[in-house]
Amino acid sequence: MNVTGVEEEVHSHTEHALWRAGNGACAGCGMSLGLQWVDQALDGEKPTMVVPACCAVVTPGSYPTTAFGVPAVATTFASSPSVATGVSRVRQMNGEDIPTICWAGDGGTYDIGLATISGAAERNEDIIYICYDNEIYGNTGGQRSSATLPGARTSTTPAGKHEPKKDIMAVLVAHRIPYAATLSLAHRDDFLRKIRVARRLRGFRFMVMLSPCPAGWKSDPAEGIDLVRAAVGCGLFPLYEVFDGRRYRINARPDGTALEDYLSRQGRFRTPSFDHAATRAAIAEQWAYLDAMEAAFPAGPREGSDVPAAPPPPPIAPEANGPVTGP
Amino acid sequence: MAATDTPILAVTGNEAVAEAMRQIDPDVVAAYPITPQTEVVQIYAQFVADGKVTTEFITVESEHSAMSAVVGSAAAGARTMTATSSQGFALMWEMLYIAASYRLPIVMTTVNRALSGPINIHCDHSDTMGGRDTGWIQLYGEDHQEAYDDTIMGIRIAEHLDVRTPVMSMLDGYVISGAIGPLQMLPDEAVKEFIGPFKAINPLLDSEHPVTVGPFDGLHGWYFEHKATQQRAMDRSFAVIEQVSEEFAELTGRKYELLSPYRMDDAEMALVVIGSTCGTTRTVVDQLRKKGVKAGMVKVHVFRPFPVQAFIDLLGSCSVVGVMDRADSFGAQGGPLFLEVRSALYDLPKRPQIVPIIYGLGGRDIFPDNIHEAFAVLQKAAAGETLPVERTYLNLRKDRV
């Protein structure tokens, strides 16, 4: 595992400081690393962050300190896409081409915030929405979410969860949004490229990142990246992207990594009821679906950082009220 | 055209509000239609489509998102408005606190309607009375003109740098919102000049001076101090409301008080009333006065901040006061207005007797006879009869409860 290069980049990058040192994230927190990579991908651009109730609203520190080095607004669990709608519309009124980013956990995304995400996606608001998915309500002590894998032990499913994980990508793709993608902290180039692709597009862009949570996963904080690599390698967390809700591209295929290599290193899967055969079947089914979609609706050659930049949006309200500025 | 020289129009209350919003021409309106506010949203959408306003109009998928979107746009630094009613107001609930505590000067019209259940779409004040502790300033209008005037004055009050607190202005559902009444509008330019330009404070769009709006403010933080500053802003808002009312009176000749007395100079008994029922009550007061009964009425225009001193000044010399609540606080000693009025008068060396009266829930009609019944209770109390401890209900089918 080559982490050296990553560390160098992180350190060289603190000048951008979307997410600054001194925050209170746990050791091995995937969310914290994800924020730093988003910062790197934006290459110094200062987005406005909209953060609902989740670890990212608690770990920046308590007033008057904040780890966010860019404008940020904290909001309630279910409201981030709507608050971002308000911010983004004012940006557009001013003719400003600066991203508005929602940064939310799986609780705020898969569950309590789903209606507001659907609303913003249907309106195709000019928002980048990134879900850091640790497959539990991590901030409140690791309860089940609809992102929790079947069989996983959480504090509200002590004997293991019964229901399958919600296919949030399919839900968002069904909105025919310009871009939807999965993000892996073990595939840095792919991660940065996808953030840059999203940055160049317009409208509602959705990404979901598998986010190691040592406290909730009952795993070694040092193993987070390896675990994500294993999740991708065994096919449990497919890396793919969908353009306009119609054109699919798979970014990484299962590499033969054993499912047990992922499961055995996490205490959350040590339940008597965990059904390995059913999990393998679900993985196979998911891949059959993705393969069929990619074959039927291919996105074509990889669109990397060479995706042409969309022109900045024209101001959607004339100057009648004048631009909105600071005091 | 002079500000007081415009024609008198016949409009619905919703039209009056929509026209005021058109003249304000806020940067952003995000709203979700709900009965009986619907007309405000539809008319405003037409203004946008017709190019009569430059507003960015966001048709969100719920009231929770309406309040969330206006929180976002106001925090971004834009003049922002919305409107709602009833369940929509209730669905906004958690975001109402966010708007107030982030000190975002949003102005929201709320067309008062009963809260379910059972489902009921008609007027009472349960929705906004339930929201009295959200940290918003509350202005209650009596008629079409006041709905219009409050909307315009609300902008100045909310945005004043001594206040910076959201304002909700109310009108009674259907009775005012859907019924035709008279309205004298200001010329467009006069409204523009009266409200002035918007001044953003620490806007989210200022990437060079980044702030985190509403960060975690935990156990060892400043949450308590932030709450106390919200109360300070409420304290300061009295002077701002009076100053804005004064300027508005100079412009229009219409002077609004925190509380509006009617025949209170020598009144021995009085009803305290909010909203459209004030008109009916005035008629009854006149009838009683003809009979020699020293009756009066106090209309509540501003409920938050609660004008304690004005209540003391107006009601302190009465022998008995009836407080008319169009909302109830189940399990409490009476409706929310009653609780606060009685508390306001408690410290007086000689205080009036105070009667809790509930009326008009779910749009139940309130006739002059019902107001007479209320005064009859006050007259009995004034004559020395023992006061009812329980609520007096007006026009309730008493044999069925």
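For this structure, a couple of remarks:
- Over the protein assembly as shown: helical MRE at 222 nm, DSSP H runs n ≥ 4 each giving -39500 (n - 2.57), nearest 500: -11000 deg cm²/dmol
- For chain B: Kirkwood Rh in Å [reciprocal of mean 1/r, alpha carbons]: 21.7 Å
- Amide H partners (placed H, <5 Å) of A:Gly235, local residues excluded: A:Asp255
- Mean Cα-pair separation over length for the range B:262-334, i.e. relative contact order, pairs under 8 Å, 6 or more apart, %: 45 percent
- Looking at the protein assembly as shown, the DSSP beta bridges with both ends there are about 25 percent antiparallel.
- Full-extension gain in nm, A:Ala258 to A:Thr140, via 0.36 nm per residue minus C-alpha separation: 39.4 nm
- Normalised per residue, the volume of the convex hull around the Cα set of the protein assembly as shown (Å³): 175 Å³
- Cβ-based charge dipole, the range B:8-252, positive-most Cα from B:Val48, B:Pro105, B:Val213: B:Val213
- A:Ala115-A:His162 pseudo-label distance in nm [points 7 Å out on the Cα-to-Cβ vector]: 2.6 nm
- Sites B:Lys398 and B:Glu193, calculated FRET efficiency, Cβ-Cβ separation with R0 41 Å, nearest 0.05: 0.15
- Ordering A:Glu45, B:Glu193, B:Glu146, B:Glu208 by the number of other Cβ atoms within 10 Å of each residue's own Cβ, fewest first, gives B:Glu208, B:Glu193, A:Glu45, B:Glu146.
- Proxy reagent accessibility, fewest Cβ within 10 Å first, across B:Trp222, A:Trp37: B:Trp222, A:Trp37
- Here the range B:259-400 carries DSSP beta bridges of which approximately 20% are antiparallel, counting only pairs with both residues inside.
- For the range A:193-198, 3J(HN,Hα) computed residue by residue from phi via the Karplus equation (6.51, -1.76, 1.60; θ = phi - 60°) reads 4, 5, 4, 5, 4, 4 Hz, glycine and proline entered as x.
- For the range B:257-343, the normalised intensity computed at q = 0.18, 0.23 Å⁻¹ comes to -0.74, -1.16 (log10 of I(q)/I(0), Debye sum over alpha carbons, equal scatterers, no solvent).
- From the C-alpha gyration tensor of the range B:259-400, square roots of 5λ in Å: 20, 18, 15
- Cβ-derived FRET efficiency at R0 35 Å, B:Val308 paired with B:Ala179, nearest 0.05: 0.60
- Global geometry of the range B:196-260, whether rounded, prolate or oblate, following the gyration tensor of its Cα atoms and the 1.5 cut on a/c: oblate
- Among A:Glu135, A:Glu294, A:Glu125, the largest mean-square fluctuation in a Gaussian network model of chain A (Cα springs under 10 Å) belongs to A:Glu294.
- Cleavage-rule hits, trypsin sites (Lys or Arg not before Pro), the range B:49-148, DSSP coil, Cβ neighbours within 10 Å at most 14: B:Lys52
- In sequence order, calculated HN-Hα J values of the range B:393-400 (Karplus, 6.51, -1.76, 1.60; Hz; x Gly/Pro): 9, 9, 6, 9, 6, 5, 6, 10
- Charged-residue dipole, Cβ positions (Lys, Arg, Asp, Glu), the protein assembly as shown about Cα centre, Debye nearest 20: 1320 debye
- Chain A - Kirkwood radius from inverse mean 1/r over Cα pairs (Å): 20.1 Å
- 3J(HN,Hα) along the range A:214-219, derived from phi through the Karplus expression 6.51 cos²θ - 1.76 cosθ + 1.60 where θ = phi - 60°, amounts to x, 5, x, 7, 6, 10 Hz, with x in place of Gly and Pro.
- Of the residues B:Ile34, A:Ile225, B:Ile241, the one with the fewest other Cβ atoms within 10 Å heads the list, and the complete ranking is A:Ile225, B:Ile34, B:Ile241.
- Translational diffusion of the range B:3-62 was estimated from the Stokes-Einstein equation, with Rh taken as the Kirkwood radius over Cα pairs; at 10 °C and 1.306 mPa s the coefficient is 130 µm²/s.
- Relative contact order [Cα under 8 Å, 6+ residues apart], chain A, whole percent: 17 percent
- Sequence-distant residues sharing a close amide H with A:Tyr240 (under 5 Å, placed H): A:Thr182, A:Asn251
- An oblate overall shape is assigned to the range A:12-152, the ratio a/c of its alpha-carbon gyration tensor axes (a ≥ b ≥ c) being 1.5 or greater and a/b not exceeding b/c.
- Under-5 Å amide H pairs with B:Val272, H placed in peptide plane, nonlocal only: B:Val298, B:Gly322, B:Val323, B:Met324
- Tensor-based shape of the range B:322-392 (alpha-carbon gyration tensor, a/c under 1.5 rounded, otherwise prolate or oblate): oblate
- For the range B:259-400, the relative contact order works out to 25 percent when only alpha carbon pairs closer than 8 Å and six or more residues apart are counted.
- Cβ-Cβ distance of B:Asp266 and B:Arg232, R₀ of 35 Å, FRET efficiency by 1/(1 + (r/R0)^6): the value works out to about 0.40.
- Of all DSSP-defined beta bridges confined to chain B, some 25% are antiparallel rather than parallel.
Taken together, the values in this text are just the output of simple stated rules run on the coordinates, not laboratory data. Please read these numbers as outputs of a predicted model, since none were measured by experiment. Quick reminder, even Gly has a Cβ in these numbers, built from the backbone with ideal geometry, and neighbours come from all protein chains shown.
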